[in-house]
Structures are given as structure tokens and as C-alpha cells.
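Report on one structure; see the data block that follows.
Coordinate-derived values only; no laboratory data. As the structure is a prediction and not an experimental result, all values here were calculated from the model. Methodologically, a virtual Cβ is constructed for each residue, glycine included, from the backbone with ideal geometry; neighbour enumeration extends over all protein chains shown.
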Amino acid sequence: MENTHKNTGIKPISQTYAVLNAKCPRCRRGDMFMNPMYGFKSQKMYTSCSHCALKYERELGYFYVSMFISYALNVAQMITVGVLTYFITGNTESPWLYMGTIFPVVLILAPLNFRYSRVILLHYMTPGLNYIPSMSENKGS
């Protein structure tokens, strides 16, 4: 038997799916971003959810906190690449080797860090913002 919401009969959308696809934390259906993560245009975020009308920026300057999350993601990525570089090359002498491997990875992952720092902030770190299964219903039902 499928796992469905008791009252509505709709199947809940998993949080993992919502986080990986940058969906609204309240209904898990509306998109948070207007364009793809990698492209020629800068990433733009919707002001509110197209499905449940949740306003993403909870207060003025709300997404400044996502800079700390982005910083933590960057540090974790740099440490990971540095350790992998050490295990692959065994070189502890050349700082240029490490800079040559770490900085390109940081630049390549910058759009991912920007997007997922905001997604993590909204999904996991915002008090009182929870998934409401009834908000996942189709608008016409």
C-alpha cells in the first residue's frame, strides 16, 4: 500500500527530492529558482512559491545567513580536494599543486554552493517553516 496523506489521499513528496530539485520547503512543488544552476545567466530566485505563495525571503536580508552555509560548503570542498590531492600525488611540498587543484574546483562549484546554501537555509534552518502535505495538492482540487 502506498504511503499517502490521511485526509487528502495524495502521496507526500520526499524532503530529499525537494532539496535536490530546489523545491519550496512548505509544499515541495514550486520551484525556488527561475533558471538552471549552470548557464550564461546569473541565478535568479523567485520571490515566492508559484504553488503555495510562500514568500522565500522571510525578512529583509534573510539570505545573508546563507553566506555562512556557503562558506561551510566551500571549506568542506577545499578540505576534500586537498586530501584527495595528497592521497593521489603524495606531494606535501608544493603549495602550487594544491592551489591548482582546489581553486578550479571552488570556481566550478560556486553556482552549486550559491543555490544549495539557500535551499539548506530554507529547508533545514528556518524555524517554523515545515512541510504541509495539504499544500501539495493540485490547485484545482
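Restricting to region 19-66, give me the number of residues that are of a type in the set (A, V, I, L, M, F, W, C) and within 14 Å of V119 (Cβ to Cβ).
Initial filter on region 19-66 (of a type in the set (A, V, I, L, M, F, W, C)): 19-20, 22, 24, 27, 32-34, 37, 40, 45, 49, 52-54, 60, 63, 65.
Right, trim to within 14 Å of V119 (Cβ to Cβ) and you get 19-20, 22, 24, 32-33, 37, 45, 49, 54, 63, 65.
Residues that pass the stated criteria total 12.
Considering only residues that are polar (S, T, N, Q) and without any contact (Cβ under 8 Å) to a residue 40 or more places away in the chain, which ones fall in region 63-100?
N74, Q77, T80, T85, T89, N91, T92, S94, listed by residue number.
Taking region 16-40 on its own, how many of its residues are surrounded by fewer than 20 Cβ atoms within 10 Å (Cβ to Cβ), not hydrophobic (A, V, I, L, M, F, W, C) and not in a loop (DSSP other than H, G, I, E, B)?
Within region 16-40, residues that are surrounded by fewer than 20 Cβ atoms within 10 Å (Cβ to Cβ), not hydrophobic (A, V, I, L, M, F, W, C) and not in a loop (DSSP other than H, G, I, E, B) number 3.
Starting from residues that are loosely packed, with under 12 Cβ neighbours inside 10 Å and either under 22 Å from A110 (Cα atoms) or of a type in the set (D, E) (or both), keep the ones in region 69-94 and report whichever is farthest from the chain's Cα centre (by Cα).
E93
How many residues are farther than 30 Å from R29 by Cα and in a loop (DSSP other than H, G, I, E, B) if we restrict to region 85-141?
So the count comes out to 5.
Determine whether Q43 is among the polar types (S, T, N, Q), without any contact (Cβ under 8 Å) to a residue 40 or more places away in the chain, under 25 Å from A18 (Cβ atoms) and surrounded by 14 or more Cβ atoms within 10 Å (Cβ to Cβ).
Judged against the criteria, Q43 is not a match.
Residues that are farther than 25 Å from N138 by Cα, in a helix (DSSP H, G or I), out of contact with any Lys or Arg (no Cβ under 8 Å at 6 or more places or on another chain) and of a type in the set (S, T, N, Q): does region 55-67 have at least one?
Taking every residue of region 55-67 in turn, none turns out to be farther than 25 Å from N138 by Cα, in a helix (DSSP H, G or I), out of contact with any Lys or Arg (no Cβ under 8 Å at 6 or more places or on another chain) and of a type in the set (S, T, N, Q).
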